[in-house]
Amino acid sequence: MQTVLLRVLLIQAMAGLTCVIVFGVEQSGFAAGSAAYGELIGMLTSVLLAWRMSQAAQPKADLRALYIGAVERMLVAIAGFGVGIAVFGLTPVGMLVGFASTQLAYYAGAGPLRRYVMTTAAQSRRSS
């Protein structure tokens, strides 16, 4: 699971870095920092999702962990954007574009993670 998660995070980091470079060239260094902050929020929500998926794949686990994880990820993203705007004074567009690029990269790289969780869940059901 950890190698799959690291692979997905690497894909997200590459997509986010591309976004940061584009913002740095087209806008300014401050806009690039905003995009990097949005990228970090996206990567944090991916780590939370992987953690909740691993909990849900355990024997005798129910779907409650996934529902809690969905709410948890939304709250983390909202809080992260709020802190970025209110405390750090970052540009909302840069943060949103950085976040969106990492989320799109997650969906591009999440196939291996999904297959891993499904096979783990199937194996644990067979053994119990």
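Things to note:
- DSSP-assigned coil residues among trypsin sites (Lys or Arg not before Pro) in the stretch 1-84, each with at most 11 further Cβ atoms within 10 Å: Lys60
- Pairwise label distance in nanometres, Ala61 with Met14, each label 7 Å out on the Cα-Cβ vector: 2.8 nm
- Dipole of the chain [Lys/Arg +1, Asp/Glu -1 at C-beta], most positive-end residue of Met74, Gly94, Ala32: Met74
- Helices assigned as whole DSSP H runs in the chain whose Cα atoms extend at least 20 Å along their own long axis and whose mean Kyte-Doolittle hydropathy is 1.0 or higher are found at 2-26, 64-86.
- Linear extension gain, Glu72 paired with Leu104, 0.36 nm per residue minus alpha-carbon span: 9.6 nm
- Within the chain: Cβ-based charge dipole about Cα centre, in debye rounded to nearest 20 (Lys, Arg +1; Asp, Glu -1): 720 debye
Values quoted throughout were computed directly from the atomic coordinates according to the rules given, and no laboratory measurement underlies them. In this text, all values refer to a predicted model and were calculated from it rather than measured experimentally. Using ideal geometry, Cβ is built from the backbone for each residue, glycine included, and neighbour counts are taken over all protein chains shown.
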